[in-house]
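The values are calculated or read from the model by the stated rules, or taken from the named source; none is laboratory data. Please read all numbers here as calculations on a predicted model, not as lab measurements. Using ideal geometry, Cβ is built from the backbone for each residue, glycine included, and neighbour counts are taken over all protein chains shown. The area values use the complete protein model at the heavy-atom level, side chains included, leaving out ligands, DNA and RNA. Shrake-Rupley method; radii C 1.70, N 1.55, O 1.52, S 1.80 Å.
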Amino acid sequence: MALRLFNTYSREVEEFEWRDPSARPIKIYTCGPTVYSRAHIGNFRAYIFEDLLQRHLELRGYKVHRVMNITDVEDKTIRGAREAGVRLQKFTEQFKVAFFEDAHTLRIKRADEYPAATDQRYIDRMIEMISVLISKGLAYQADDKSVYFRINKFPNYGKLAHFDLTQLQSTGRVKHDEYDKEHIGDFALWKAWDEADGDVKWDSPWGPGRPGWHIECSAMSMALLGEQIDVHCGGVDNIFPHHEAEIAQSEGVTGKKFVRYWLHCAHLLVDGQKMAKSLGNFYTVPDVLAKGYTGRELRYALLRVHYRVPLNFTWEGMNEARESLNRIDEWLARLLELAEEPNAERPTANGQSPIIESAFEDALDDDLNISAALGFLFESIRETNRAIDQNEMDAPSARAWLDWWKRINTVLDLEAEAEIVIPPEVKQLADERENARREKNWNRSDELRERIFALGWEVRDTKEGSKLMRRSGSM
């Protein structure tokens, strides 16, 4: 199956056309964090979707060059630094560090570059682009000394968002909406300095000031990936005005199509509402870890639903993620045990090593349909467990399934890092329960099971013996 992706620009699922996977890398730009506070797990849902995209492309043999920006200068970062009484760089650095810590916890692959908007080389690029736009009549300096983009001079403005320009209203990211702009939708390319900005300013042909949010991404993406990029990702809230503005100012400068495929991730919800700092209904990665969950469990919870479908975050969902990962862990343990058995030759269904279908990869080829891909994984777990129970799987077959898992786990990255440490008290109770079972003292066995359960663990009795698993919902 050819890889197909939903392009926000066309509102259609399109075939991803790439003649030679071994040729130049696919150029991907992803909108990263605005570092005025710690990123919440709603932000990380988008970053995990982008991680899934990159990993699947690489599984299919493509090379990827991915850039993720760091927005470290805009209204919120300046306000935060001012309120904290520290310089902008010191204020944002703590949240940059936290972002990389959380991304590592969630096993998100690092991008090739993480450009910061305050880097002088990118500021210079922004000023250069704005100068070109002014020279083409696509931008102007208003009475407030800020520079704005003329959206009426760019005929395709609004096509990404499928937006009626007559419905435009002031946006929160435009600092000086109260001034007399030519059109209410004209967005700031360069914001003139005022006292609230403190020492955050750069010299420019239009006076001291700082870049607008939108021009930052255009300048950084074109500096690192060139004038045209293949895939641009972000959350659905980036579509308008941010990505719409990126198209206008980038194509306004170059006259070339800026992006081939636009991909956007739906919101993470809490109780049916978008998770957002402004609503105060958000959780950070440390918040979830403090509840006793792991980064692996949170990764699965944020990964398991198709990226274009809103995902409602619940603690019940986190427990389901733990249960799903326990199933995978138990399955891998059974396969490893069988694969290591000497002379383990048993009849398979057709007398040959299994030919494992490509349904997992095919599902991801269908617009990253992770739900279908995981469905195939768990159906395979059911079938192989049944085969093991009925002594219909031999060691070569087990090794074939382990090789398949190794392949798909390059995309999922869900395997347990190390053996779980069982507390001595739990281990002692489990040993006592085993003795009670051997003595057929079922009442004592049940009593010990309940005590183990109360400590956050559960006992599962299998053909291979009793096994301890961390209980879903234990904190």
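The residues of the stretch 352-375 that are open to solvent by 40 Å² or more (accessible area, probe 1.4 Å) and part of a helix (DSSP H, G or I), listed by number, are Asp362, Ser371, Ala372.
Pairs linking a residue in the stretch 405-420 that is over 17 Å from Thr105 (Cα atoms) and of a type in the set (Lys, Arg) to a residue that is surrounded by 14 or more Cβ atoms within 10 Å (Cβ to Cβ) and at pLDDT 95 or above, with Cβ atoms under 9 Å and 6 or more positions apart or on different chains, are Arg407/Leu59; Arg407/Phe360; Arg407/Glu361. Residues that are touching a Lys or Arg at 6+ places or on another chain (Cβ under 7 Å), open to solvent by less than 40 Å² (accessible area, probe 1.4 Å) and not small (Gly, Ala, Ser) were ranked within the stretch 203-230; the one that is farthest from Ala117 (Cα to Cα) is Asp230. For the stretch 436-454, a tally of residues being among the aliphatic types (A, V, I, L, M) and exposed (fewer than 14 other Cβ atoms within 10 Å of the Cβ) returns 1. Of the candidates Asp237, Asp271, Asp194, the single residue that is without any contact (Cβ under 8 Å) to a residue 60 or more places away in the chain, open to solvent by 30 Å² or more (accessible area, probe 1.4 Å) and within 20 Å of the chain's Cα centre (by Cα) is Asp237.
Looking only at the stretch 348-384, residues that are touching an Asp or Glu at 6+ places or on another chain (Cβ under 8 Å) and at pLDDT below 95 come to 2 in all.
Listed here are the residues, each with its yes/no results for (1) under 13 Å from Ala116 (Cα atoms); (2) of a type outside the set (A, V, I, L, M, F, W, C).
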residue: Arg60; (1), (2): no, yes
residue: Val67; (1), (2): yes, no
residue: Asp72; (1), (2): yes, yes
residue: Lys76; (1), (2): no, yes
residue: Ala81; (1), (2): no, no
residue: Ala84; (1), (2): no, no
residue: Lys90; (1), (2): no, yes
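Consider the stretch 290-328 and keep the residues that are without any contact (Cβ under 8 Å) to a residue 40 or more places away in the chain and among the acidic types (Asp, Glu). The one that is most open to solvent (accessible area, probe 1.4 Å) is Glu316. Kindly provide the set of residues from the stretch 124-146 that are of a type in the set (Lys, Arg) and either in contact with a Cys (Cβ under 6 Å, 6 or more places away or on another chain) or within 18 Å of Lys256 (Cα to Cα) (or both), ordered by number. Within the stretch 124-146, Arg125, Lys136 meet the criteria. Is the stretch 423-431 home to any residue that is without any contact (Cβ under 8 Å) to a residue 24 or more places away in the chain, farther than 30 Å from Lys109 by Cβ and either of a type in the set (Asp, Glu) or touching a helix residue (DSSP H, G or I) at 6+ places or on another chain (Cβ under 7 Å) (or both)? The answer is yes; a qualifying residue exists.
A quick yes/no check of all residues on (1) open to solvent by less than 40 Å² (accessible area, probe 1.4 Å); (2) in contact with a Pro (Cβ under 9 Å, 6 or more places away or on another chain):
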site: Glu83; (1), (2): no, no
site: Leu106; (1), (2): yes, no
site: Ala117; (1), (2): yes, yes
site: Ile123; (1), (2): yes, yes
site: Ile127; (1), (2): yes, yes
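Of the residues making up the stretch 1-24, those that are modelled with pLDDT of 95 or more and of a type outside the set (A, V, I, L, M, F, W, C) are Arg4, Asn7, Thr8, Tyr9, Ser10, Arg11, Glu12, Glu14, Glu15. Residues in the stretch 389-412 that are touching a Leu at 6+ places or on another chain (Cβ under 9 Å) and open to solvent by 20 Å² or more (accessible area, probe 1.4 Å): 6 in all. Only one entry in Ala400, Ala436, Ala387, Ala416 is within 30 Å of Glu361 (Cβ to Cβ), of a type in the set (Gly, Ala, Ser) and either modelled with pLDDT under 95 or in a loop (DSSP other than H, G, I, E, B) (or both), namely Ala416. Please enumerate the residues belonging to the stretch 1-42 that are out of contact with any Lys or Arg (no Cβ under 9 Å at 6 or more places or on another chain), open to solvent by 10 Å² or more (accessible area, probe 1.4 Å) and part of a strand (DSSP E or B). Passing the criteria: Arg4, Glu12.
Any residue at all in the stretch 86-96 that's over 28 Å from the mean Cα position of the chain (by Cα) and surrounded by 15 or more Cβ atoms within 10 Å (Cβ to Cβ)? Checked against the condition, which is being over 28 Å from the mean Cα position of the chain (by Cα) and surrounded by 15 or more Cβ atoms within 10 Å (Cβ to Cβ), the stretch 86-96 yields no hits at all. Residues of the stretch 419-433 that are open to solvent by 70 Å² or more (accessible area, probe 1.4 Å) and in a helix (DSSP H, G or I): Pro424, Glu425, Lys427, Gln428, Asp431.
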